Amino acid sequence: KPIIAIVGRPNVGKSTLFNRIVGYRTSIVENEPGVTRDRIYGEGEWLERKFILIDTGGIEPNSEDVLLKDIRWQAELAIEEADVILFLVDGREGLTATDREIAQMLRKSQKPVILVVNKIENYTDVEMKIFEFYELGLGDPFPISAEHGMQVGDLLDKVLTYLPEKEEEEENDERLKIAIIGRPNVGKSSLTNYLLGQKRVIVSDIPGTTRDAIDTVLKRGDQEYILIDTAGIRRKKKIRENVEYYSVIRSLRAVDRSDVVLMVFDAVEGVTEQDKKIVGYAHEAGKGLILVFNKWDLVEKDDKTMQIYTKRVYEELKFLSYAPIIFTSALTGKRVMEILDIVDFVAEEHAKRVTTGLLNEVVEEAVAMMAPPSDKGKRLKIYYATQVSVKPPTFVFFVNEPELMHFSYLRYLENNLREAFGFNGTPIRLLVRKRD
Ligand code: GDP
């Protein structure tokens, strides 16, 4: 999927625009349970074109005092990885020195840049307000109001004209694709090298789709896997450091192409805010997901540590209670090979289909145990449910009045489906449709 990045100094309305655009899509997929808040990456869709939207402002954790160097860094990141850049400026405040600074960097890039002037609600004096932005040398300023959703659709129309004609040819490869993601230094490359270094494993390289990435084919018994290279995991540390900057976005691309995601954490540091965002993306993208807590050898432990640790992780990552946890050490090799067994298992769950008959039995029983929500004397009625797709398993519930469906009831239904069918390690999607 193409990547669109929103760049701009703080408070110009980047996250408002982000939510606007990703919000359009949310209304299409309806009430998806467990959606994370505070997102910086999201899948958007416009006129049936899907894309990934990045709010570069959200990548820096301390957005309170964003320094110029951070903005510069974000712009560089966008230039490096995005297909289209939305450069957002504030039409109310007018042109600032920082805007000029960013513009200068963007002008030098070869990427399409759309100069977007935000906070334009009043059309009587649009020309006056956008006029000064011509000076940035980035073409015609495009006025919008992110907050009121004005002109945002037109902006997306314009964005589409810059995207490549066709989506990158999706690989029809039947082999299981694994993405190993996580912050720098959690041990991704050590784990990868350990996996690849085993006697029972046969390894060969295939050129990746992104410039200098190299995917690896890994054979174990009859099973073949493709390890998607993220940020040149197999490259030497020295060389990798230069590209580490961009590893977040590379990770997203890898997630996109994968079936199963191994999210690696540093067990000593635990779950960080950035981890939550990255893993939240994998969840929303509907991938099979395994939580790997590496450097377990460094954790002081007794026979209860693992249990307590697990509980704490699920408390912190509530929406991921379906994802298996494994504690590894790339240093000693402990449990590293078990990862592949879990991958096999999760991949099966991710592609699992249940029959309509069984599904509706479970739904009926759930409804009998707890009545669906009602409002103003009207009660939600579920006529029937059906599984419409896999990877991830997706279900449509046909009902009398979709508005009556409540988030907590969807959660309840999801729990019932999971109790009955497992779906371990995979998100599932519950959609609600009106049946006339
Ligand atoms: P990456 O950036 O996520 O690929 O992380 P690396 O694989 O380069 O590892 C970063 C550092 O952590 C290196 O010095 C590794 O030797 C070390 N390391 C990785 N895995 C483990 C582990 O399980 N235990 C310990 N003690 N150190 C590890």
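The values are calculated or read from the model by the stated rules, or taken from the named source; none is laboratory data. As the structure is a computational prediction, the values presented were derived from the model and not from experiment. Please note: Cβ atoms are built from the backbone with ideal geometry, for glycine as well, and neighbour counts cover all protein chains shown.
Listed by first and then second residue, the pairs with beta-carbon distance under 6 Å, at least 6 apart or on different chains, first residue in region 420-436 and buried (at least 16 other Cβ atoms within 10 Å of the Cβ), second aromatic (Phe, Trp, Tyr), are Leu430/Phe395; Val432/Phe397. A residue that is hydroxyl-bearing (Ser, Thr, Tyr), within 19 Å of Ser321 (Cβ to Cβ), modelled with pLDDT of 80 or more and surrounded by 15 or more Cβ atoms within 10 Å (Cβ to Cβ) cannot be found anywhere in region 255-262. A Cβ distance below 8 Å, combined with a sequence gap of six or more or placement on separate chains, defines the contacts here; from region 14-26, residues that are at pLDDT 85 or above reach residues that are part of a helix (DSSP H, G or I) and buried (at least 17 other Cβ atoms within 10 Å of the Cβ) in the pairs Lys14/Thr56; Lys14/Gly57; Lys14/Gly58; Leu17/Val152; Phe18/Gly58; Arg20/Val152; Ile21/Val152; Ile21/Leu156. The single condition among (1) within 29 Å of Gly288 (Cα to Cα); (2) buried (at least 18 other Cβ atoms within 10 Å of the Cβ) that Pro402 does not satisfy is (2). The residues listed here are Ala330, Ala323; of these, the one that is more than 25 Å from the chain's Cα centre (by Cα), part of a loop (DSSP other than H, G, I, E, B) and buried (at least 16 other Cβ atoms within 10 Å of the Cβ) is Ala330.
A count restricted to region 252-285 and to residues that are within 16 Å of the ligand (Cβ to nearest atom) and either more than 14 Å from Ile178 (Cα to Cα) or not in a helix (DSSP H, G or I) (or both) stands at 16.
Which of the residues spanning region 292-328 are basic (Lys, Arg) and either farther than 14 Å from Val271 by Cα or away from the ligand (no atom under 16 Å from the Cβ) (or both)? Within region 292-328, Lys301, Lys304, Lys311, Arg312, Lys318 qualify. Each residue in region 333-382 was checked for being acidic (Asp, Glu), away from the ligand (no atom under 16 Å from the Cβ), free of Cβ contacts under 8 Å to residues at least 60 places away in the same chain and in a helix (DSSP H, G or I), and 5 pass. Only a single item in (1) at pLDDT 80 or above; (2) surrounded by fewer than 20 Cβ atoms within 10 Å (Cβ to Cβ) is not met by Phe293, and it is number (2).
Residue-level check: of (1) within 26 Å of the chain's Cα centre (by Cα); (2) crowded, with 18+ Cβ neighbours inside 10 Å; (3) modelled with pLDDT under 90, Ile130 misses just (1).
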